[in-house]
Amino acid sequence: MISLAGKSVLLVIGGGIAAYKTHELVRLLKTRGAAVRIILTKAAEQFVTPLSLASISGEKVYTSLFSLTDEVEMGHIQLSRAADLLVVAPATADLIAKMASGLADDLASTALLATDKPVLIAPAMNVRMWRHPATVRNVETLKRDGLVLAGPNDGEMACGEFGPGRMAEPNEILAAIIEMLKPKAQPLAGKKVVITAGPTREPIDPVRFISNHSSGKQGYAIARAAVELGAETILVSGPVSLPIPPGVQMMPVETAQEMLEVCQGEMPADIAIFTAAVADWRVAAEAHEKIKKTGNAPPSLPLTENPDILATISREPKRPRIVVGFAAETERVREYAAEKLRKKGCDLIVANDVGRGSDVFGGDRNTVHIVSPAGVEDWPNMSKDEVAQKLMERLAQMLMPEQKAAE
Ligand code: PMT
């Protein structure tokens with residue numbers, strides 16, 4: 001029997017008839033040694049009572065966002081932060097819609113929005129509600145956001161209809177919880193991974209700069225995936241507005257020159273991945289004062305080439321064992337990427353089409369082609385997180401033969 005001792009689950013109970021099954025779920029979790037804190041929505045209180053759940057869980061049950069006593073004991077932000085996993089069961093159509101649109105108007109939805117922990121949802125609703133395009137859309141959104149679903153199952157419902165919409169059984173939800181909480185294999189433990197992300201910003205004068213549309217999402221997703229596989233993860237990031245992924249060592253930079261210096265300072269490393277959209281050029285002479293409009297011809301700004309960070313690191317004496325470049329192309333994607341692989345001296349190029357309408361810059365999804373001396377592998381359209389996980393798993397496998405030989 002897999003133990004959940006030391007793990008903490010925050011169970012959010014929505015207002016549906018299936019709420020009665022959560023007593024059994026809490027009991028099963030307690031048998032495995034997990035600590036279970038519970039939030040009830042207002043509607044859930046019509047189906048189950050705080051008292052019965054407090055008796056089974058041995059913990060206080062939380063119901064109100066505006067309870068001063070609760071906030072003093074355990075603030076609503078802390079409630080979701082203190083958990084290893086959030087479980088929403090039953091996840092009603094209403095709760096799912098709130099989560100998909102980021103609403104936070106009660107304790108349950110606020111805790112769900114405030115978390116950076118994994119979330120498992122066990123949907124339960126009438127079959128027509130489950131099949132309604134709005135619910136289908138909302139569930140897709142949640143899946144894209146990385147939430148995991150347990151169920152729903154097919155079967156007869158409390159309303160007398162038959163079809164998908166029955167909440168998964170407590171033992172099925174428990175199995176999904178165990179799967180999410182069990183320690184993950186960490187093939188990159190003891191390895192150092194350096195990742196560049198975001199744009200660089202090349203100053204023209206104190207108020208203007210040259211930059212591009214990179215949001216940093218792809219690079220940050222790779223950093224998260226590297227941390228998950230146990231790597232010491234250095235994230236060298238240009239200016240973006242993303243939260244720092246937990247577990248990474250953040251090295252903020254502005255210009256290509258700074259990015260190069262920080263990357264060189266981080267060598268040696270086992271793997272380096274260059275996801276950043278580095279400005280190829282900077283102005284030859286940055287003005288120290290704001291360039292004024294004179295009413296004459298606009299100023300000309302001679303450009304000079306920036307250092308190529310990927311090519312430099314690929315040829316360093318302290319070169320990482322695996323160097324990965326990205327290629328952002330708007331045409332002949334595979335062909336240009338293969339050319340970059342040769343020119344820059346890296347081991348792998350992850351090529352993506354950033355042409356108009358592709359939504360790769362700033363978007364949440366990506367379609368990539370893995371270009372190596374062995375050929376080209378086309379990956380399907382995936383979320384940037386999925387691309388990152390698949391890429392990091394591939395790189396961990398590539399490191400392994402050398403590791404085995406060294407042992
Ligand atoms: O940040 P997002 O919004 O999530 O978007 C992701 C992305 C489109 C930025 C990312 O997937 C991507 O394609 N990154 C590489 C962008 C780029 O600059 O491509 P490139 O083809 O111009 O450069 C090729 C490679 O050389 C890249 O690894 C780049 O980091 C590197 N390079 C480029 C110029 C330079 N002076 N130094 C470099 O190291």
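Structure above, values below:
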| quantity | calculated |
| --- | --- |
| Filtered residues of the range 317-371 (kept if aliphatic (A, V, I, L, M) and in contact with a His (Cβ under 6 Å, 6 or more places away or on another chain)) | Ala351 |
| Set Ala269, Ala279: member being within 12 Å of the ligand (Cβ to nearest atom) and not in a helix (DSSP H, G or I) | Ala279 |
| Members of the range 268-296 found to be open to solvent by less than 90 Å² (accessible area, probe 1.4 Å), in contact (Cβ under 8 Å) with a residue 60 or more places away in the chain and of a type in the set (A, V, I, L, M, F, W, C), listed by number | Ala269, Ile271, Ala272, Ile273, Phe274, Ala276, Ala277, Val278, Ala279, Val283, Ala287, Ile291 |
| Set Lys60, Lys7: member being among the charged types (D, E, K, R), open to solvent by 30 Å² or more (accessible area, probe 1.4 Å) and either modelled with pLDDT of 95 or more or under 19 Å from Pro118 (Cα atoms) (or both) | Lys7 |
| Residue ID - farthest from the ligand (Cβ to nearest atom), chosen from residues in the range 297-317 that are open to solvent by less than 50 Å² (accessible area, probe 1.4 Å) and either at pLDDT below 95 or assigned to a loop (DSSP other than H, G, I, E, B) (or both) | Glu316 |
| Every residue from the range 198-231 that is within 16 Å of the ligand (Cβ to nearest atom) and over 30 Å from Ser300 (Cα atoms) | Gly216, Lys217, Gln218, Gly219, Tyr220, Ala221, Ile222, Ala223, Arg224, Ala225, Ala226 |
| Among (1) in contact with a strand residue (DSSP E or B) (Cβ under 8 Å, 6 or more places away or on another chain); (2) among the small types (Gly, Ala, Ser); (3) surrounded by fewer than 23 Cβ atoms within 10 Å (Cβ to Cβ) - the single one Ala18 does not satisfy | (3) |
| The range 191-243 - residue that is among the aliphatic types (A, V, I, L, M) and part of a helix (DSSP H, G or I) and, of those, most open to solvent (accessible area, probe 1.4 Å) | Val227 |
| Count of residues meeting criterion [part of a loop (DSSP other than H, G, I, E, B), under 21 Å from Met180 (Cβ atoms) and open to solvent by less than 30 Å² (accessible area, probe 1.4 Å)] in the range 125-169 | 4 |
| Cβ-Cβ under 6 Å pairs, at least 6 apart or on other chains, the range 298-323 side closer than 15 Å to Val278 by Cβ, far side outside any strand (DSSP E or B) and more than 14 Å from the ligand (Cβ to nearest atom) | Thr304/Ala284 |
| Condition met for Lys117 (open to solvent by 10 Å² or more (accessible area, probe 1.4 Å), under 17 Å from Val148 (Cα atoms) and not hydroxyl-bearing (Ser, Thr, Tyr)) | yes |
| Test result for Lys343, within 11 Å of the ligand (Cβ to nearest atom), touching a residue at least 24 places away in the same chain (Cβ under 8 Å) and of a type outside the set (Phe, Trp, Tyr) | yes |
| Counted residues, the range 318-328 - those being open to solvent by 20 Å² or more (accessible area, probe 1.4 Å) and either modelled with pLDDT under 95 or within 8 Å of the ligand (Cβ to nearest atom) (or both) | 3 |
| Tally, over the range 352-373, of residues that are open to solvent by less than 60 Å² (accessible area, probe 1.4 Å) and more than 8 Å from the ligand (Cβ to nearest atom) | 7 |
| Check on Leu65, over 15 Å from Lys42 (Cα atoms) and either under 18 Å from the mean Cα position of the chain (by Cα) or open to solvent by 20 Å² or more (accessible area, probe 1.4 Å) (or both) | no |
| Filter pass, Asp94 being charged (D, E, K, R) and open to solvent by 40 Å² or more (accessible area, probe 1.4 Å) | yes |
| Residues within the range 206-224 that are among the small types (Gly, Ala, Ser) and over 15 Å from Phe274 (Cα atoms), tallied | 1 |
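The values are calculated or read from the model by the stated rules, or taken from the named source; none is laboratory data. Because the structure is a prediction, the values reported are computed rather than measured. With ideal geometry, Cβ positions are generated from the backbone for all residues, glycine too; neighbour counts draw on all protein chains shown. Just so you know, the surface numbers come from the protein's heavy atoms only, side chains and all, with ligands and any DNA or RNA stripped out. Shrake-Rupley method; radii C 1.70, N 1.55, O 1.52, S 1.80 Å.
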